[in-house]
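The values are calculated or read from the model by the stated rules, or taken from the named source; none is laboratory data. Remember, it's a predicted structure, so these values are computed and weren't measured experimentally. Quick reminder, even Gly has a Cβ in these numbers, built from the backbone with ideal geometry, and neighbours come from all protein chains shown. These area figures cover heavy atoms from the full protein model, side chains too; ligands, DNA and RNA do not enter into them. Shrake-Rupley method; radii C 1.70, N 1.55, O 1.52, S 1.80 Å.
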Amino acid sequence: MEKTIICECGHHNPPGTLICQSCGKPFADAKENMEASMRYEGTARRSQTYNRTAVDKIWNFFSSVKVGIWIIVVILVAAAIGTIFPQEMYIPQNVDPASHYESEYGNLGKIYFLLGFHNLYGSWWFIVLLGMLALSIIVASIDRGVPLYKSLKRQKVIRHDQFLKHQRLFAQDVKGDLGTMKIALKEQNYKIREENGSLFAEKGRFSRWGPYVNHVGLVIFLAGAMLRFFPGMYVEEVLWLREGDTAAIPGTLSEDGQYYLKNEKFILEFYDKNDEQFKDALQNTSNPVPKNFQTNAVLYKSDSNGTIGAGEIKKVKEGKIQVNKPLKFDSFSLYQTDFKMDELNAMSFSLVEKESQKKVGAFEVDLINPKKKYDLGNGYSVNLGKYYPNYFLEDGEPKTKNNVPDNPAFVFEMISPESTKKEKAFVAIKNNIEMEGNRYKVEFAGIKTKNLTALTVRKDHTLPIVSLGGIIFMIGVVQGLYWNHRRIWIKEKEGGLWIAAHTNKNWFGIKKDLQKLSDKTGIVMPEDRTAAKTA
Amino acid sequence: MKRNGRFWFRSILLALIAAAIGYTVYSSFFIKERTLVNSGDQAPDFVLTDVNGKEVRLSDYRGKGVFLNFWGTWCKPCEREMPYMERQFKVYKEQGVEILAVNVGESNIAVEDFRDKYRLTFSIPLDKNRDVTRAYGIGPIPTTLTIDKNGKVVEKTSRSLSNKDIVQMMEKIKP
C-alpha cells in the first residue's frame, strides 16, 4: 500500500492525492493535467486508495464509472430485446405462456420465455441489474462526493504558487489595488475571504452538488420502481368487456365491497378525410386515421362483504374512458388499452317453406346467451337443439373451438302446425345441411355485432415516490447545468499580484467576470493558456 | 480506528442494498401468486347461479369438502375428466364432499347439452362474466381446487385428472 503524501507545507495527504489539500501544491503529473485534476479538487478517489478486503474490492468495482456505464448499456439492451415479442400481459389471457411463446415464435420464443424476457420488468435478473445500477450510483457518488465536499469546505485563501501557475486562467505580476478589486468582485456577487494580503473570491459552489442531488433523485426513482414488487403497492390487470356487459373489476374486491364496470358503448372515431385542418396530412395515408378510442362506462359497487357476485349493486358514477384519460376511483384508474370491433353478437333467421319460398316467421338468436325456444306464431316454432359458437369439424362431428362466436353453427328443430314431426337442420355460415324431405328450412337473414373494449386496471402507490425521485433528479440537473462554480485567487507576491481563476464549466462566463473586473480596476486580463496553446 | 470505520460503513451499506435487491427479487417471484388463490389460502366466497337456475354460494358448503372445478365444454381435457368426476361424486356425496363444476363463460344451451350428454348430476354454476374465474386467477382450464371443511384450499392443479387423482383428492378433503 502506498504511503500518505506529505507536502512541503507539512500537510499529510491520503495516498493518491493529486493536489495538496491544504496549500494546493500539485503533485507528480497533476501540473500537466491541472484541469482534469481539478474535477474532484485533486482529491484521491477513496476507492483507489484502499483495496484490502473483499468488501473494498466489491466497493471499488461499483465505484468505477466505466462499470456504471456498462450496467446502463446492459439494461438498455435487455429492455430493447424485451420489445421483440409481446410482453406476457399482452398475450391472450387464457393460454399458458410457456407453450404460447414456443408455438407462436418457435425456438426463439421458447428461449425468450425461459430467460424471462416475456415479463422483463419482473424477471429476477433485470431487478438485479437495476439494483446494481443503484449500487453503482450510490458508491460512485460517495467515493467522489464526500472528498470533494471536504476539500471544498477546507480550501484555503492562499494557494501554492504552482497551483496558481498551472490554472488555465493566470496572470503574473499584475499591478493593482486589492481594495478596489474586492469591491468590484463583491458587486459580481462573489463571496470573498482575505488572508495576509491575499484574496479568494468564490461563487456558485452549490452547483458542484448538482450531480449528487441528481443521483439521489435517481436512487429514489429506482427505489420506487422496486417498491412495485412489494405487497399492496401496485396492481395491473386487463379487463375485456363486451358492450352491454357488466363485470367485476379485477383486484378491487375488498371487505367493504367489490367494484363492477359496465361497458355501455365502445366508440372508435376516425379523422374526416375532408377535414380542413388535416386534409393534407391525411392524403399521405390510405388507411383511416383513428381520432378517438372511447368507452362509455358505468361504475358500480356492491356491498358484497368479500363474496364475489353477492350483495346489492349500486351505481357509483359514469364516465368516458379515453386514451390517457382514465376513469378514477379510490386508488384505482381504468385506462383504455385495446378493443375488438364488430364481434358477432346476434344472428337473425327466417323460417321458409321450401316449396312456396314463403316466409312463415322470423327469429333472432343471441350468440352469447341463446334461448332454447323461438315461438314464431301461428303454431310455428323453432328449437335450438345444438349450438357451436366457433364451429369446426372433427372426424365428421361438429365441435366448437372455444366460446367466442367467431364462426357460429346451429342445429335447429323446426315445428309446424301441420306436422307433429320435428324437422332438423344444421346451419352454419356458408354451410347449410338439410335432412332429406324437410318441408321447411331456416334462412339466414342478418347479423348484429357488438364491440369489445379492453381496459387496464391500475393501482400504483409508487407513483408519488417515483415522481419525487424525478423532481429531485431534475433539480440536480438544473443545479449542475445552470450555475457554475467560479473561483478567483489573488496572491500578493514581490513583483505584484498573481491572479488565477477556475470554473467547473463555462469558461466564457468566468472570462466575462474577469473582463468586468479588469474594466473596473484597470488590471491586466489573465491569459487563457488553453486558448493561447491552440492559437 | 479510521480504517475499521470505513470497513463497517462499506459493509453495512453493501449489505443494506443487497438486502433490498434480495427482497425485491424474492417478492417478484410471488407477485403473480399473490393475485391468485393458492393452496393454503382461504377460498374466496362467491355466489353464482347454476345451470338448473339454483343459486350456489360457496360458504354454504362449510363443513363439507368442496371439489371446485373450472371448465368449458370446448376444452378436451375438461371433457375427459368429467365422467370420472361424476363417478366419484356418486361415491363421495354420501361422505360429505360436493362438486362444483364452474363453467367459464358459456351459454346455458352449450352447458345443458354437455350435462345431458354425460348425465352429470353435480352442480354446475355458470360464471357468465368470469368474475369468479378472474378472482381465483384461473389461467388455463381445467383447473381444480380442493377445499376442506373449513373453507381452506388444500390443493390446486391444472392437470386433466384421472379417476385415481380424483379419488386421492376427494380422500384429502373428506370431512
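If you go through the stretch A:384-410, how many residues are within 21 Å of A:Leu351 (Cβ to Cβ), within 10 Å of chain B (Cβ to nearest Cβ) and open to solvent by less than 30 Å² (accessible area, probe 1.4 Å)?
4
Any idea which of A:Val213, A:Val219 is within 14 Å of another protein chain (Cβ to nearest Cβ) and open to solvent by 20 Å² or more (accessible area, probe 1.4 Å)?
Values: A:Val213 fails: within 14 Å of another protein chain (Cβ to nearest Cβ).
Testing whether each residue is within 14 Å of another protein chain (Cβ to nearest Cβ) and open to solvent by 20 Å² or more (accessible area, probe 1.4 Å) leaves just A:Val219.
What single numbered condition from (1) in a loop (DSSP other than H, G, I, E, B); (2) farther than 22 Å from B:Asp131 by Cα; (3) at pLDDT below 80 fails to hold for B:Leu36?
(2)
Specify the residue that is modelled with the lowest pLDDT; the eligible residues are those in the stretch A:417-436 that are closer than 24 Å to A:Leu393 by Cα and of a type in the set (Val, Ile, Thr). Full working, then the answer.
At the first step, the residues of the stretch A:417-436 found to be closer than 24 Å to A:Leu393 by Cα are A:423-436.
Next cut, of a type in the set (Val, Ile, Thr) only: A:427, A:429, A:433.
Values: A:Val427: 86, A:Ile429: 79, A:Ile433: 71.
Selected residue: A:Ile433.
With the structure loaded, tell me whether B:Gln95 is away from every other protein chain (no Cβ under 11 Å), in contact (Cβ under 8 Å) with a residue 60 or more places away in the chain, of a type in the set (S, T, N, Q) and in a loop (DSSP other than H, G, I, E, B) or whether it fails that test. Even if it seems obvious, please write down each step before you answer.
Working: away from every other protein chain (no Cβ under 11 Å): yes; in contact (Cβ under 8 Å) with a residue 60 or more places away in the chain: yes; of a type in the set (S, T, N, Q): yes; in a loop (DSSP other than H, G, I, E, B): yes.
Yes.
Exactly one condition in (1) open to solvent by less than 30 Å² (accessible area, probe 1.4 Å); (2) over 30 Å from A:Ala78 (Cβ atoms); (3) polar (S, T, N, Q); (4) touching a helix residue (DSSP H, G or I) at 6+ places or on another chain (Cβ under 8 Å) is false for A:Ser141; which is it?
Answer for A:Ser141: the failing condition is (2).
Among what's in the stretch A:87-128 and is closer than 23 Å to B:Tyr136 by Cα and of a type in the set (D, E, K, R), pick the residue that is modelled with the highest pLDDT.
Quick first cut of the stretch A:87-128, residues closer than 23 Å to B:Tyr136 by Cα only: A:87-100, A:118-119, A:122.
Imposing the further condition that a residue be of a type in the set (D, E, K, R) reduces the set to A:88, A:96.
Numbers: A:Glu88: 84, A:Asp96: 73.
Per the criteria, the residue is A:Glu88.
Among the residues of the stretch A:70-83, is there at least one that is within 10 Å of another protein chain (Cβ to nearest Cβ) and not polar (S, T, N, Q)?
Within the stretch A:70-83, the subset within 10 Å of another protein chain (Cβ to nearest Cβ) is none.
Checked the stretch A:70-83: no residue is within 10 Å of another protein chain (Cβ to nearest Cβ) and not polar (S, T, N, Q).
Could you tell me whether A:Asn506 is without any contact (Cβ under 8 Å) to a residue 40 or more places away in the chain and under 36 Å from the mean Cα position of the chain (by Cα)?
Working: without any contact (Cβ under 8 Å) to a residue 40 or more places away in the chain: yes; under 36 Å from the mean Cα position of the chain (by Cα): yes.
Taking the combined requirement at face value, the residue satisfies it.
In the stretch A:240-258, which residues are modelled with pLDDT of 85 or more and either at the interface with chain B (Cβ under 8 Å from one of its Cβ atoms) or open to solvent by 20 Å² or more (accessible area, probe 1.4 Å) (or both)?
Of the residues in the stretch A:240-258, the ones modelled with pLDDT of 85 or more are A:240-249.
Hits for the stretch A:240-258 are A:Trp240, A:Arg242, A:Glu243, A:Gly244, A:Asp245, A:Thr246, A:Ala247, A:Ala248.
What pairs come up if the first residue lies in the stretch A:47-62 and is more than 8 Å from chain B (Cβ to nearest Cβ), the second is open to solvent by 80 Å² or more (accessible area, probe 1.4 Å) and modelled with pLDDT under 85, and their beta carbons are under 7 Å apart, counting only those six or more places apart or on different chains?
Every condition considered, the pairs that remain are A:Lys57/A:Asn51; A:Asn60/A:Asn51.
Check the stretch B:6-19 and report whether any residue there is surrounded by 17 or more Cβ atoms within 10 Å (Cβ to Cβ), farther than 26 Å from A:Val404 by Cβ and not basic (Lys, Arg).
Checked the stretch B:6-19: at least one residue is surrounded by 17 or more Cβ atoms within 10 Å (Cβ to Cβ), farther than 26 Å from A:Val404 by Cβ and not basic (Lys, Arg).
Does A:Thr420 qualify as being open to solvent by 40 Å² or more (accessible area, probe 1.4 Å), away from chain B (no Cβ under 14 Å), of a type in the set (Val, Ile, Thr) and in a loop (DSSP other than H, G, I, E, B)? Full working, then the answer.
Working: open to solvent by 40 Å² or more (accessible area, probe 1.4 Å): yes; away from chain B (no Cβ under 14 Å): yes; of a type in the set (Val, Ile, Thr): yes; in a loop (DSSP other than H, G, I, E, B): yes.
Yes.
All but one of (1) closer than 19 Å to A:Cys9 by Cα; (2) out of contact with any strand residue (DSSP E or B) (no Cβ under 7 Å at 6 or more places or on another chain); (3) open to solvent by less than 40 Å² (accessible area, probe 1.4 Å) hold for A:Leu148; which doesn't?
Result: A:Leu148 fails condition (1) only.
Assess whether B:Gly72 counts as being open to solvent by less than 10 Å² (accessible area, probe 1.4 Å) and in contact with a Lys or Arg (Cβ under 7 Å, 6 or more places away or on another chain). Before the answer, list the steps.
On the way: open to solvent by less than 10 Å² (accessible area, probe 1.4 Å): yes; in contact with a Lys or Arg (Cβ under 7 Å, 6 or more places away or on another chain): no.
No, not satisfied.
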